[in-house]
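Only one structure is covered here, and it is reproduced in the block below.
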Amino acid sequence: IESRHRLRGGWQMAPYACQRRTPLLHSNQPLTEALETLAEEAGFSGSEGRSLAFTRAASVLKALPGRLSTLEELGPLPGIGEHSRRVIQDVLEDGVCAEVERVKLSERYQTMKLFTKIFGVGVRTASRWYQEGLRTLVDLQERGTKLTRQQQAGLRHYDDLNTPVERGEAESISRAVQGAVQRCLPGTSVTLAGGFRRGKPHGHDVDLLLTHPEAGREAGLLSRVVSWLDSQDLILYQHSQENSYALQEGPEPPGGRDVMDRFERCFSIFRLEVQGGPGAARGWKAVRVDLVVAPISQFPFALLGWTGSRHFERELRRFASHERKMVLNSHALYDSRRVWQLWAYVGTWG
Ligand code: ATP
Ligand code: MN
Ligand code: MN
């Protein structure tokens, strides 16, 4: 898209994050950290709109070609609201923003962070626990808080799961899964997606995408792979979801729930043998692994959708919808107008 915004000093900025080069290492780290803390805090309070506004502002700063030294350099750049500008100004002038520091020290923020880092605990659960007066992981155990099987596993492996996964560990898990799929269905490919595919040196989990070049062969693969891995004592926890795409009566309406896809998948915790690092004494470490199975015809969309980042995906879908009148998700890209026509047509005799 051509409509780039010109910044003072000759900098240019495309309006959608998915059109901008956003390097992993950039020159405005203190600013983006401050904004992302506020984005996180807004998410904890259920203010999705406010959270998105801070995330957008941070995303713009990540794409700047150099270090920002004054607010004026940004000019009237859209995508950075009043509140974000104040935060940026504070950090530029004082090195810190009082509001951000207050948030970081607040009991609510710290507790929400602690609880949402448990595998299987989202903002709603964490918030309920906070309201009930729970503050620590020990509180959860001592007060007999009712936990799902997933949360119990999350709590049991809390420290391991909050230790970053190194690229080498991700590759090692990828090879283990590769070995398993070759036994279950030769020819199946295993692709490392998520943050590692974006070049991040470490991540919070390992995202692996499975597909087979012959359509339909992938059916039933996941449960066999997981059983085999389990029989090798490689799995500490897992829960699987069936493919629900075929069960859908039609495509999601544009702007509908576009976050969760419908692939068959397995959310798991692997037992990874390690020599060094935090698990060295025991000889193993717990690692979160997402396994996703895509039919070959949907694989390109699945790969794109599972590479992230979350913000990049959101922006890509917004671009498709607003600039191209198309719907993009992890299954397909299609012209939304034609689908609506088709639906109208089906409606006449249905
Ligand atoms: P990290 O290094 O912290 O793991 P990441 O970018 O890999 O960072 P993930 O949460 O693993 O983050 O997600 C990777 C991508 O997979 C996301 O950008 C998202 O688009 C997609 N994704 C994750 N969970 C789901 C889900 N339940 N349904 C659909 N897509 C998902
Ligand atoms: Mn990931
Ligand atoms: Mn993941």
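For the range 166-177, check the following and say yes or no: at least one residue is more than 21 Å from the chain's Cα centre (by Cα), assigned to a strand (DSSP E or B) and either farther than 16 Å from residue 267 by Cβ or within 16 Å of ligand 2 (Cβ to nearest atom) (or both).
Among the residues of the range 166-177, not one is more than 21 Å from the chain's Cα centre (by Cα), assigned to a strand (DSSP E or B) and either farther than 16 Å from residue 267 by Cβ or within 16 Å of ligand 2 (Cβ to nearest atom) (or both), which makes the answer no.
Here is a list of conditions, (1) surrounded by 16 or more Cβ atoms within 10 Å (Cβ to Cβ); (2) within 22 Å of residue 17 (Cα to Cα); (3) without any contact (Cβ under 8 Å) to a residue 60 or more places away in the chain, and residue 59 meets all of them except one; can you say which number that is?
Failing condition for residue 59: (3).
Return the only residue of 220, 187, 216, 144 being assigned by TED's automatic domain parsing to the domain that holds residue 292, free of Cβ contacts under 8 Å to residues at least 24 places away in the same chain and more than 16 Å from ligand 1 (Cβ to nearest atom).
The match here is 220.
Looking at the range 199-213 only, could you name the residues that are touching a Pro at 6+ places or on another chain (Cβ under 9 Å) and either aromatic (Phe, Trp, Tyr) or within 13 Å of ligand 3 (Cβ to nearest atom) (or both)?
203, 204
Within the range 202-212, which residues are part of a loop (DSSP other than H, G, I, E, B) and near ligand 1 (Cβ under 10 Å from one of its atoms)?
Those that are part of a loop (DSSP other than H, G, I, E, B) and near ligand 1 (Cβ under 10 Å from one of its atoms): 204, 205.
From the residues in the range 141-165 that are over 26 Å from the mean Cα position of the chain (by Cα) and not in a loop (DSSP other than H, G, I, E, B), which one is nearest to residue 271 (Cα to Cα)?
Applying the filter and picking the extreme gives 141.
Residues of the range 303-316 being of a type outside the set (A, V, I, L, M) and within 10 Å of ligand 1 (Cβ to nearest atom), which ones?
305, 306, 307, 308, 309, 310, 311, 312, 313, 314, listed by residue number.
Do we find that residue 300 is in a loop (DSSP other than H, G, I, E, B) and not β-branched (Val, Ile, Thr) in this structure?
When the stated conditions are applied, residue 300 does not pass them.
Given the options 338, 318, name the one that is basic (Lys, Arg) and in contact (Cβ under 8 Å) with a residue 24 or more places away in the chain.
One residue alone meets the criteria, 318.
The values are calculated or read from the model by the stated rules, or taken from the named source; none is laboratory data. None of the values given here were measured: they were computed from a predicted structure. When we count neighbours, we look across all protein chains shown, and the Cβ atoms used for this are built from the backbone with ideal geometry, even at glycine.
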